[in-house]
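Please read the structure below before turning to the comments.
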Amino acid sequence: MAPAENSSLPLVLFRIYRETAPALRRTGAKQLEDWLARRAVRNAANVAARALEAAQSQVTALPGEKRAAKLVCDLAHQLLALDEWIKDTDREIRESFHLDERAEIIESLPGMDPSSDPSSSPSSGT
């Protein structure tokens, strides 16, 4: 499993620890670090320490907090699933494209290299 991107880290944390800061505090540093490491999160110890530090600083509970946390968790699950779907679809498109006998010719055209960033392409208007 590839290390989790830092941008998806909050989503990874919300997948399980959705019940608010008290739930995160009850988990403890070692258990959270182990959980993050099993999900291939880079610098799991540092991430766990920072997450628990943030949870320790939150001392006020608000009405509706648990419901809001559940909504955020549900959205996190959907975003992570969407991200996986996009990656799978991209992979399938690449594999299908390379089955075409003209793939090599198309890739030889300027801006059509599969490793090129579309946003830096002259035809993208940027």
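Numbers at a glance
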| read-out | value |
| --- | --- |
| Residue among D113, D90 that is modelled with pLDDT of 80 or more and surrounded by 10 or more Cβ atoms within 10 Å (Cβ to Cβ) | D90 |
| Spans of helices (runs of 4 or more DSSP H) in region 37-119 with at least 1 residues within 20 Å of the chain's Cα centre (by Cα) and either among the aromatic types (F, W, Y) or over 30 Å from T27 (Cα atoms) (or both) | 65-99 |
| Among the residues listed as A103, A37, the single one being without any contact (Cβ under 8 Å) to a residue 12 or more places away in the chain and more than 23 Å from A21 (Cα to Cα) | A103 |
| All positions within region 40-55 that are hydrophobic (A, V, I, L, M, F, W, C), touching a helix residue (DSSP H, G or I) at 6+ places or on another chain (Cβ under 8 Å) and touching a residue at least 24 places away in the same chain (Cβ under 8 Å) | V41, V47, A51, L52, A54, A55 |
| Top-ranked residue of region 11-39 - restricted to ones that are at pLDDT 60 or above and under 17 Å from A81 (Cα atoms), ranked as surrounded by the most Cβ atoms within 10 Å (Cβ to Cβ) | L13 |
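The values are calculated or read from the model by the stated rules, or taken from the named source; none is laboratory data. What you see is a predicted model; the values in this text were computed from it and never measured. Counting neighbours? That spans all protein chains shown, and the Cβs are built from the backbone with ideal geometry, glycine included.
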